[in-house]
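Just so you know, all these numbers are worked out from the coordinates, no wet-lab data involved. Quick caveat, the model's predicted, so the values are computed rather than measured. Cβ atoms come from the backbone with ideal geometry, glycine included; neighbour counts cover every protein chain shown.
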Amino acid sequence: QQQVKQSPQSLIVQKGGISIINCAYENTAFDYFPWYQQFPGKGPALLIAIRPDVSEKKEGRFTISFNKSAKQFSLHIMDSQPGDSATYFCAASMLGGYQKVTFGTGTKLQVIP
Amino acid sequence: GAVVSQHPSRVICKSGTSVKIECRSLDFQATTMFWYRQFPKKSLMLMATSNEGSKATYEQGVEKDKFLINHASLTLSTLTVTSAHPEDSSFYICSARDRADSYEQYFGPGTRLTVT
């Protein structure tokens, strides 16, 4: 019930291309869906997040698409750059100070020149 | 922006010794702090949730006596790995939430623990 499934496990994209990472959740009580970017040896950093009352959110080259009925959401990275090479985690949580974040399994993105 | 620091960033200790990792919120008061463990090429695994002045809540399967968590103030939480063994070697990450009505967690840079 608390699981967040993420795919693909790894992704290779050419510079300038679009990177797409998909996630699915089961618990309909989740109402906050962040994406985190993690570089090797560093902690995760918030990239972009969405609430289920909107179907899409865009910040620069990063877009979250959200499908509430299908319980799925995805991250699109437009014009992918080598500097975007990192591991990306989708996550889900609920409002409340003690509520934990449930992470997906991660996607290692490599953007090749 | 909200900044969370961890100290040390890397630590090597001998098997059987204890090691303490500090997590500090630098520019905000953290109502709740979280401790995660991450194995190579794996996702973050929540170990425990702690609130200032109260006992930590541990996730199922996490040994309370092995991983001691103290949240002494609104800006400091510590994780002590007691009687460390090589299998405790991992990347430990803390995060902090600044308000009870906030969704966001701010993550620290992580601590690499190696037990020899």
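Numbers at a glance
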quantity	calculated
Antiparallel bridges, percent of DSSP beta bridges restricted to the protein assembly as shown (to nearest 5)	90 percent
Subset of A:Lys68/A:Lys108; A:Lys71/B:Lys64; A:Lys71/B:Lys20 violating a 32 Å alpha-carbon distance limit	A:Lys71/B:Lys64; A:Lys71/B:Lys20
Calculated SAXS-style log₁₀ I(q)/I(0) at q = 0.17 Å⁻¹ - the stretch B:25-104, Debye, Cα scatterers	-0.67
Listed residue (B:Thr57, B:Ile69, B:Ser18) projecting farthest to the positive dipole end of the stretch B:1-94, Cβ model	B:Ser18
Distribution of pairwise C-alpha distances over the protein assembly as shown, 10 Å bins, in %	8, 32, 35, 20, 5, 0
Disulfide-incompatible cysteines by the Cβ rule (no partner under 4.7 Å) in the protein assembly as shown	B:Cys13
Sorted by Cβ neighbour density within 10 Å, fewest at the top, the residues B:Lys55, B:Lys14	B:Lys14, B:Lys55
Semi-axes of the equivalent ellipsoid for chain A, Cα gyration tensor, largest first, Å	23, 15, 12
Residues B:Tyr36, A:Tyr32, A:Tyr98 arranged by fewest to most Cβ contacts within 10 Å	A:Tyr98, A:Tyr32, B:Tyr36
